[in-house]
Amino acid sequence: MITQITGKLVEKSPTQVVIDCQGIGYELNISLHTFSQLGDDENIKLFTHLQIREDSHTLFGFYTLVERSVFRLLISVSGIGASIARTMLSSLEPHQIQRAIVTEDLNTIKSIKGIGLKTAQRVLIELKDKMMNLFDGEEIQSFTNNTIKEEALSALEVLGYSRKQSEKIVDNAFQSVPESSVEELIKVALNKL
């Protein structure tokens, strides 16, 4: 298995790069995320995933190990092939996909072109625990905290308060009592608004 390629960048487009590695040019399919990370450096290193099929051998290139790990987890889900996984990594950054899966944000996953409701649900069910393993505990806690704050802010908006006005109060309340529930945050905010 080819796990990484280091060499001279010969061609670069938003979907593919060609890397010259001691006279052999390797074509790698990349996501827009990887494309945006590539500078104008002549020498680059990409982590790779080799997909072997009956009719082709295809190399996928990733700027970081995390992106490759997310790609591999995505293609392990039934109904998601390499091209849809690459589209997902082009639509969202790897950490955004991780966050959406860990926090069970169905709408974010469903918003990606080529992902329907059933596939999005399958992604959340099959990958939640696996995605958590890519994180340390603090990052997971911050995702949960962000979800709680977002829910509180959304509820306050529905009640007619401006998001800008509510945000400072909710942030302050959350910092003083980090283990607050959504309901507790809303009550504190309503008392101060």
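Taking (1) over 14 Å from the mean Cα position of the chain (by Cα); (2) under 29 Å from Lys8 (Cα atoms) in turn, Ser76 satisfies each apart from (2).
Quick check on Ser69: is it exposed (fewer than 14 other Cβ atoms within 10 Å of the Cβ), touching a residue at least 12 places away in the same chain (Cβ under 8 Å), assigned by TED's automatic domain parsing to the domain that holds Ile125 and within 23 Å of Met131 (Cβ to Cβ)? Spelling it out, it is not the case that Ser69 is exposed (fewer than 14 other Cβ atoms within 10 Å of the Cβ), touching a residue at least 12 places away in the same chain (Cβ under 8 Å), assigned by TED's automatic domain parsing to the domain that holds Ile125 and within 23 Å of Met131 (Cβ to Cβ). Please go through the stretch 55-66 and give me each residue that is touching a residue at least 24 places away in the same chain (Cβ under 8 Å) and not in a strand (DSSP E or B), ordered by number. Within the stretch 55-66, Tyr63, Thr64, Val66 meet the criteria. Checked against the criterion of being of a type in the set (Gly, Ala, Ser), over 25 Å from the mean Cα position of the chain (by Cα) and closer than 25 Å to Leu74 by Cα, the stretch 30-45 contains not a single residue that satisfies it.
Name the single residue that is surrounded by the most Cβ atoms within 10 Å (Cβ to Cβ) among those in the stretch 57-66 being of a type in the set (A, V, I, L, M) and within 14 Å of the chain's Cα centre (by Cα).
Out of the qualifying residues, it is Val66.
Please go through the stretch 110-120 and give me each residue that is farther than 14 Å from Ser90 by Cβ, out of contact with any Lys or Arg (no Cβ under 6 Å at 6 or more places or on another chain) and surrounded by 15 or more Cβ atoms within 10 Å (Cβ to Cβ), ordered by number. Of everything in the stretch 110-120, those that are farther than 14 Å from Ser90 by Cβ, out of contact with any Lys or Arg (no Cβ under 6 Å at 6 or more places or on another chain) and surrounded by 15 or more Cβ atoms within 10 Å (Cβ to Cβ) turn out to be Lys110, Thr119. Within the set of pairs 6 or more residues apart or between chains, which connect a residue that is modelled with pLDDT under 80 inside the stretch 118-145 to a residue that is among the charged types (D, E, K, R) with Cβ atoms less than 6 Å apart? Between residues of the stretch 118-145 that are modelled with pLDDT under 80 and residues that are among the charged types (D, E, K, R), the close pairs are Phe143/Arg99. All conditions in (1) touching a strand residue (DSSP E or B) at 6+ places or on another chain (Cβ under 6 Å); (2) within 25 Å of Asp129 (Cβ to Cβ); (3) not basic (Lys, Arg) hold for Leu50, with the sole exception of (2). The helices (runs of 4 or more DSSP H) falling completely within the stretch 70-123 that include 1 or more residues that are among the polar types (S, T, N, Q) and closer than 22 Å to Leu50 by Cβ map to 82-91. The single condition among (1) of a type in the set (Val, Ile, Thr); (2) under 21 Å from Met132 (Cβ atoms); (3) loosely packed, with under 13 Cβ neighbours inside 10 Å that Ile75 does not meet is (3).
The values are calculated or read from the model by the stated rules, or taken from the named source; none is laboratory data. These figures come from a predicted structure and were not determined experimentally. Glycine also receives a Cβ, built like all others from the backbone with ideal geometry; neighbour counts cover every protein chain displayed.
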